[in-house]
Amino acid sequence: SCTIFAVQADGADVTTIEGLAGDALHPLQQGFWEEHGLQCGYCTPGMILSAVNLLNENPNPSERQIREGISGNFCRCTGYQHIVNAIQSAANKVGR
Ligand code: FES
């Protein structure tokens, strides 16, 4: 929601962070949990949903590709390394 105008999503299917999990956490949600990919959590939904898009397009991204994939999102807390680690962790589990 931070990287496009609402009108650009007109007619599109929209997945929210709440809609991402089923009976269990999505692998990216689990990765953020396990790798401490958040502090205050304000940026977390956008980070995770950007990462979902990234892994859909590239299931085995490099660290640089991960950093580019989340570059439209800002985190004021973590310094990004734990977020990158969380996405790499999820990619390792999903991309096997
Ligand atoms: Fe606080 Fe990212 S965890 S802004």
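We did not get these values from a lab; they are worked out from the coordinates using the rules stated. These numbers were taken from a predicted model, which means no experiment stands behind them. In this analysis, Cβ positions are derived from the backbone assuming ideal geometry, glycine residues included, and neighbour counts consider all displayed protein chains.
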Practice task
Within the range 48-96, track down each residue that is away from the ligand (no atom under 16 Å from the Cβ) and among the β-branched types (Val, Ile, Thr).
Solution key: Val52, Val94
Exercise for the section: Could you please find all residues in the range 18-47 being in contact with a helix residue (DSSP H, G or I) (Cβ under 6 Å, 6 or more places away or on another chain), hydrophobic (A, V, I, L, M, F, W, C) and within 11 Å of the ligand (Cβ to nearest atom)? Expected result: Phe32, Leu38, Met47
Exercise for the section: Can you confirm whether the range 8-17 contains a residue that is away from the ligand (no atom under 16 Å from the Cβ), hydroxyl-bearing (Ser, Thr, Tyr) and surrounded by fewer than 19 Cβ atoms within 10 Å (Cβ to Cβ)? Expected result: yes
Problem - Residue pairs meeting the criteria (Cβ under 6 Å; at least 6 apart or on separate chains; first in contact (Cβ under 8 Å) with a residue 12 or more places away in the chain, in the range 53-76; second among the basic types (Lys, Arg) and outside any loop (DSSP other than H, G, I, E, B)) - result: none
